[in-house]
Amino acid sequence: MKKGILFFLIGLINFSVFSQEILCNVQVNSSQIQTSDKKIYQTMQTSIYEFLNNTQWTNTVVKNEERIECTMLISIQERVSNDEFKATIQIQSTRPIFGTSYKSTMFNYIDKNFRFKYLEYQSLEFSETTHLSSITSVLAFYVNIILGLDYDSFSDQGGMEYFVKAQNIVNNCQNTAESGWRAFESDKNRYWIAHDFLESRYGTIHDVLYRYHRLGLDKLGEEPDDARFEITESLEELRKIYRENPNAFLLKLFFDAKSSEITNIYSEAYPNEQARIIKTLIEIDPSNSSLYQAITENTEGR
């Protein structure tokens, strides 16, 4: 009996130490709010930090150093009432690259429609089956997008479960007063983020994420030529999405995270590689054309 209790306690300790998958830095910025009561924003920051970092988001057991690093910057724009706030939230997540100290940006997005209620010292609660509050629904939504991207980058189609969870949160929020959850409100909001990652016409994005990261970036240090070939092939696959819908929100999300990184990767490529990728990138991400055209200017003369 004593051994059984001991093993149970050991398992409980391991669970508490290794069960959380997210390591999120949280900052609540209230500089735009003119008030002497600033303590509530520090309390809010602590509550959000604990919610994100202490919740078990998956069934995967991970070590502390394997947790997915992300940041969430919440900028309070208006205190509508005693317990209601309007804000923006910037979300960024990164992924370590094998054999290096480099961390690749996976997601970099500013949501300008973050309106929520918060009472100081309130417990933040979330349910996968029903909408409980705007603050936890928005936070959980972006956690699942972060998880989906990360898992996709390590195994082909590996993140689908989390994109489905994100879409379920969207579905649960269709009758809420807060904006950002419905298709008709905008063509670039939470609804479309979840939609695009599950849209069959854009299904190639999951293969791209795996090939770009696992077969490309993770091998760039040891086999740079082969790795760049995989990255090139993966980026050219994005043409399928572009030709389905040049305005697909998915493409903007991808290149907002990756455009600078891609430029750096190809600054050391052979001229024929550069010419090939520049043509592709200017076609599918024209808003960053000047950035891609500068690739040849940054070359080291290979």
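The values are calculated or read from the model by the stated rules, or taken from the named source; none is laboratory data. Quantities reported herein were computed from a predicted structural model and do not represent experimental measurements. Ideal geometry is used to build each Cβ from the backbone, glycine not excepted, and the neighbour counts take in all protein chains shown.
A few comments on the model shown:
- Residue count, region 93-115 (criterion: charged (D, E, K, R), surrounded by fewer than 18 Cβ atoms within 10 Å (Cβ to Cβ) and in contact with a Lys or Arg (Cβ under 7 Å, 6 or more places away or on another chain)): 1
Here's the yes/no breakdown for (1) outside the structural domain of THR136 (by TED's automatic domain parsing); (2) under 17 Å from the mean Cα position of the chain (by Cα); (3) surrounded by 15 or more Cβ atoms within 10 Å (Cβ to Cβ):
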| position | (1), (2), (3) |
| --- | --- |
| GLN27 | no, yes, no |
| SER31 | no, no, no |
| ASP37 | no, no, no |
| TYR41 | no, no, yes |
| MET44 | no, no, yes |
| GLU50 | no, no, no |
| ASN53 | no, yes, yes |
| ASN59 | no, no, no |
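- The sole residue among SER137, SER155, SER200 that is out of contact with any Lys or Arg (no Cβ under 8 Å at 6 or more places or on another chain) and surrounded by fewer than 16 Cβ atoms within 10 Å (Cβ to Cβ) is SER200.
- Applying the condition of being under 23 Å from PHE197 (Cβ atoms) and without any contact (Cβ under 8 Å) to a residue 24 or more places away in the chain to region 209-227 and asking which residue is surrounded by the fewest Cβ atoms within 10 Å (Cβ to Cβ) yields LEU215.
- Considering the conditions (1) over 20 Å from the mean Cα position of the chain (by Cα); (2) in a loop (DSSP other than H, G, I, E, B), LYS86 is excluded by exactly one of them, (2).
- TYR118 meets each of the listed conditions (1) surrounded by 18 or more Cβ atoms within 10 Å (Cβ to Cβ); (2) closer than 23 Å to GLN167 by Cβ apart from (2).
- Against the criterion of being of a type in the set (Val, Ile, Thr) and in a loop (DSSP other than H, G, I, E, B), THR176 qualifies.
- Residues in region 228-249 that are buried (at least 19 other Cβ atoms within 10 Å of the Cβ) and hydrophobic (A, V, I, L, M, F, W, C): ILE231, LEU235, LEU238, ILE241, ALA248, PHE249.
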